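Asks: After the structure tokens below, expect a handful of questions from me.
The values are calculated or read from the model by the stated rules, or taken from the named source; none is laboratory data. Computed from a predicted model, the values in this text were never measured in an experiment. Please note: Cβ atoms are built from the backbone with ideal geometry, for glycine as well, and neighbour counts cover all protein chains shown. Note: accessible area is taken over every heavy atom of the protein model, side chains too, but ligands, DNA and RNA are not part of it. Shrake-Rupley method; radii C 1.70, N 1.55, O 1.52, S 1.80 Å.
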Amino acid sequence: MRLFSLFICLFSGLLPVKMLQAQSSEIILSNNWMFRQAGTAAWRSATVPGTVHTDLLQHKLIPEPYFGTNEQQLQWIGEANWEYKTSFTVTPSTFQNKQIELVFDGLDTYADVFLNGRKLLSVNNMFRQWRVTVKEWLKPVNQLEIRFTSAKKYVDSVADETLPLKIPDHNRIFARKAQYHFGWDWGPTFITCGIWRQVRIEAFDQRPAEVKQLPSRRVELVQEQDSIGRSFYFRIDGKPVYMKGANYIPSDVFLTRLKYKDYHKIIQLAKEANMNMLRVWGGGVYEDDAFYDLCDRYGIYVWQDFMFAGGMIPVDDSFFRNVKAEVEYQVKRLRHHPSIVLWCGNNEADEAWHNWGWQQQFNLHGQDSTRVWNAYQRLFRDSLPAWLQQWDGSRPYISTSPMHGWGRKQSITEGDSHYWGLWWGLQDVEVFEHKTGRFVSEYGMQAMPNWTTVQSFTTTQERYLFSPSLKQHQKHPTGYQNLQHYLHRYFLDSNKVKQLSVENYTYLTQCLQYYVFKNSIAIHRSKYPVNMGTLLWQLNDCWPVASWSITDYYRNRKAGWYAVKEAYRDDVVPVKDTIYPKNLPLTKPVFTITSQGENMFVITSTTDAAYVYVYKEGEELPLKENYFHLKAGERKYLYIDGRYQKPGEHKQLKVKSLYDVLQ
């Protein structure tokens, strides 16, 4: 298999050097990288940390991956092998240290590492830190090369070698790589590679002793028999805590685009929405330190999945050893964060094995079925809890989420619940009146991203229902059909939906998401203390897309965010709506907007108005409240978030309400 070579050209005069301790130093290798496709001649500058897709985009060798239908024509990148290279100097003082190591905090994913022409290392896990002793191979001037193999080609070849045993449900399960890179029902397929975290030289005489720093917080997951089944709630420092939050996915497909300000924005949006928990979903990555630091700072608890989602695992020992090293590194990296209150083995693998028909679909019977299930039990039920006891020991662990599928009675009476009767099952919101689980850790409703975001990935000619670009940015197999079903149920006859402009369709799907989250949360919270948590799917997006998120790819608040902010308030008990939106008595409103103060508008209406949306053409308006109901004559104060209003800005504002779309 052809590989991807990577040389590192770094010059000591340009490198940041950090002193670790007396007689120790650290050299960050981040400059003067070059890359090329294996087998081609032209080397081009590269960014490290980075990905091959973003390097290609930087040189304008590919179009914007998220625009239109460009995803389709860029699949070749993930099927190619790529090479990166650089050089660096080592000073005499560095050579005086007894130990010199080359450290990679993240290589994505399959690669061979060469130093001065000598192969040092083969790597096969995006989630591990890799260290290798290099003092005897170093020179005053050095060349470092990394050759990446296509992850897609690799997993496909391993899957072929495993036949006739076929392990559910996708060849991606062979890769210790972010599973969503292979595509999901809210994300594109961009199978990345590259140096996605820091590379450095560490020189020292003696490695500092490892210190097991654990938070002083006492965390318990209480699962006790009761008259209904078994409880499922968090007791923190002796007090039961009702969890209100969301599921978190990676905030970009190309992870190295994310900076501290991006993490700060998304965590701040969670906090402002009155959330106290985020679940880091198992098909993404163990997040950047900034994510956990911000959760610590803002008092947001973290439910941390290990990175396994929607699939079984390989049965071989080499895979098992690889995962053990990954878990050790990640647990030791993260265990000092007080925000983390739960380790979870995987997302939906147990449910899938027992409920999704895999044994029949993949012809897993008898000994083959036993082998696959035994491998699952070995990792998630036996080994992970033992490893966590060794490397952490301060937090609870569950082997999977959920324990029971949403079609089974036990999913309501014990464990956590992924209730997808709403959306997948086309059930009404009211189903939660009798099917709210002990802890609802997934449920949701889709909506389009904000209109400015739709404009960002479409041409004017493609802004019609349902254009190729709009279909490309809807990854659920029946997404638009499901939205049609729910719009018809709660808002507008489906024949009229088809006649909407894309702009009004976007508005109406967001009103739908507002309605569903408002009423779902109201029902969930009304079941307290039987129900002790509700985590909606999902907080954020990894690209501009129609999805279940309440903030879109550009961190804009969708209508659902405003509903959640109100429904999660501690000082108010949310109340379920008694009238469907399509049955509201609506008359034509006339709105007046005036400016008040440095960052505030005041809006009034001549009649009662529903789902009032205040916006600007061609520009996102960051209001702290929107999609509100407004009584005739009521003065509603609207605050701009993070900036002052511009001179005369109130005259540029436009207003849309439910009347405008339904009449």
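Asks: In debye, nearest 20, what is the charge dipole magnitude of the chain about its Cα centre with +1 on Lys and Arg Cβ and -1 on Asp and Glu Cβ, if you could check? All intermediate terms of the calculation are to be shown ahead of the outcome.
Replies: On the way: 77 positive and 68 negative charges, 134 e Å.
In total the dipole reaches around 640 debye.
Asks: Going by amide H atoms built from the backbone, whose H comes under 5 Å of the H on E625, apart from near neighbours?
Replies: For E625, the qualifying residues are Y639.
Asks: How large is ³J(HN,Hα), in whole Hz, for each residue of segment 474-484 in order, when computed from phi with the Karplus curve 6.51 cos²θ - 1.76 cosθ + 1.60 and θ = phi - 60°, using x for Gly and Pro?
Replies: Result, rounded to whole Hz: 9, 9, 6, x, 10, x, 5, 5, 5, 4, 4.
Asks: Ok, one more. If each DSSP helix of 4+ residues adds -39,500 (n - 2.57) and the sum is divided by the residues in the chain, what number results at 222 nm, nearest 500 deg cm²/dmol?
Replies: Working: 20 runs with 172 residues, N = 663.
Computed mean residue ellipticity for the chain: -7000 deg cm²/dmol.
Asks: Using 0.36 nm per residue of separation minus the Cα-Cα distance, give me the extension gain between E649 and H264 in nm, one decimal. Can you show the working numbers first?
Replies: On the way: separation 385, 0.36 × 385 = 138.60 nm, distance 2.73 nm.
Using 0.36 nm per residue and subtracting the Cα-Cα distance, I get 135.9 nm.
Asks: If you don't mind, another one. Where a ≥ b ≥ c are the square roots of the eigenvalues of the C-alpha gyration tensor, would you call segment 378-488 rounded, which needs a/c under 1.5, or, failing that, prolate if a/b is larger than b/c, or oblate?
Replies: Numbers: a/c = 3.38, a/b = 1.77, b/c = 1.91.
In terms of gyration-tensor shape, oblate.
Asks: Please list log₁₀ I(q)/I(0) at q = 0.14, 0.28, 0.29 Å⁻¹ for segment 300-349, using the Debye equation with identical point scatterers on the alpha-carbon positions.
Replies: Scattering profile of segment 300-349, log10 relative to I(0): -0.41, -1.13, -1.16.
Asks: As an exercise, use a Förster radius of 22 Å and the Cβ-Cβ distance of D293 and R217 to find the FRET efficiency, rounded to the nearest 0.05. Show your work: numbers first, answer last.
Replies: Working: r = 16 Å, r/R0 = 0.72.
It comes to 0.90.
Asks: Ok, one more. Leaving out ligands, DNA and RNA, and with a 1.4 Å probe, what % of the accessible surface on segment 491-538 is carbon or sulfur? Intermediate values should be presented prior to the final figure.
Replies: On the way: 610 of 1380 Å².
Result for segment 491-538: 44 percent of the exposed heavy-atom area is carbon or sulfur.
Asks: Calculate what fraction, in whole %, of the accessible area of segment 550-603 sits on carbon and sulfur atoms when a 1.4 Å probe is rolled over the protein chains.
Replies: Working: 1400 of 2630 Å².
After summing per-atom areas, the C and S share lands at 53 percent.
Asks: I need the calculated FRET efficiency for the pair D160 and K624, taking r as the beta carbon distance and R₀ as 51 Å, to the nearest 0.05. Could you put the intermediate results ahead of the total?
Replies: Details: r = 54 Å, r/R0 = 1.06.
The formula returns an efficiency of 0.40 here.
Asks: Still on this structure, I have one more. List, in order, the whole-Hz ³J(HN,Hα) value for each residue of segment 121-134 obtained from phi through the Karplus relation with A = 6.51, B = -1.76, C = 1.60 and θ = phi - 60°; use x for Gly and Pro.
Replies: Per-residue couplings from phi come out as 6, 10, 10, 8, 7, 5, 9, 9, 8, 10, 10, 8, 6, 10 Hz.
Asks: In addition: Using 7 Å Cα-to-Cβ label points, what is the T459/K98 separation (nm, one decimal)?
Replies: A separation of 6.7 nm, rounded to one decimal place.
Asks: Over the chain, what relative contact order in percent results from Cα pairs under 8 Å that are six or more residues apart?
Replies: Values: 1441 pairs, mean separation 77.7, N = 663.
Relative contact order for the chain comes out at 12 percent.
Asks: My understanding is that a pair violates if its Cα-Cα distance is over 23 Å; which of K239/K261; K259/K518; K60/K85; K259/K654; K177/K409; K565/K656 do that in this structure?
Replies: Working: K239/K261 33 Å; K259/K518 32 Å; K60/K85 20 Å; K259/K654 33 Å; K177/K409 34 Å; K565/K656 21 Å.
From the list (K239/K261; K259/K518; K60/K85; K259/K654; K177/K409; K565/K656), the Cα-Cα distance tops 23 Å for K239/K261; K259/K518; K259/K654; K177/K409.
Asks: Positive end of the charge dipole of the chain (Lys, Arg +1 and Asp, Glu -1 on Cβ, about the Cα centre): tell me which of S417, I77, V199 has its Cα farthest that way.
Replies: Most positive-ward Cα: V199.
Asks: Further question: Could you tell me what percent of the DSSP beta bridges with both partners in segment 97-202 are antiparallel, to the nearest 5?
Replies: 95
Asks: Pulled fully out, how much extra length does the chain show between D226 and R371, if you take 0.36 nm times their separation in residues and subtract their Cα-Cα distance? Before the final figure, lay out each step's value.
Replies: Details: separation 145, 0.36 × 145 = 52.20 nm, distance 3.54 nm.
Gain on extension, D226 to R371, equals 48.7 nm.
Asks: Can you give me the convex hull volume of the Cα atoms of the chain, divided per residue and expressed in Å³?
Replies: Convex hull volume per residue, Cα atoms: 175 Å³.
Asks: For the chain, give the share of DSSP beta bridges that are antiparallel, in percent and rounded to the nearest 5; count only bridges with both residues there. Intermediate results must be reported in sequence, preceding the final value.
Replies: On the way: 75 of 101 bridges.
DSSP beta bridges in the chain are roughly 75 percent antiparallel.
Asks: Is the C-alpha gyration tensor of segment 25-70 telling us rounded, prolate or oblate? Criteria: a/c under 1.5 is rounded; beyond that, a/b larger than b/c is prolate, otherwise oblate. Intermediate values should be presented prior to the final figure.
Replies: Working: a/c = 3.35, a/b = 1.65, b/c = 2.03.
Since a/c reaches 1.5 but b/c is at least a/b, the shape of segment 25-70 is classed as oblate.
Asks: Moving to a separate point now. Decide, for segment 98-256, between rounded, prolate and oblate: order the square roots of the alpha carbon gyration tensor eigenvalues as a ≥ b ≥ c, take rounded if a/c falls under 1.5, and otherwise choose prolate if a/b is larger than b/c, else oblate. List each step's numbers first, then the result.
Replies: On the way: a/c = 2.58, a/b = 1.40, b/c = 1.84.
Oblate, since a/c reaches 1.5 and b/c is not below a/b.
Asks: Quick check for you: with a 1.4 Å probe and neighbouring chains kept, what is the accessible area per residue of the chain, in Å²?
Replies: Working: 25870 Å² over 663 residues.
Computed with neighbouring chains in place, this is 39 Å² per residue.
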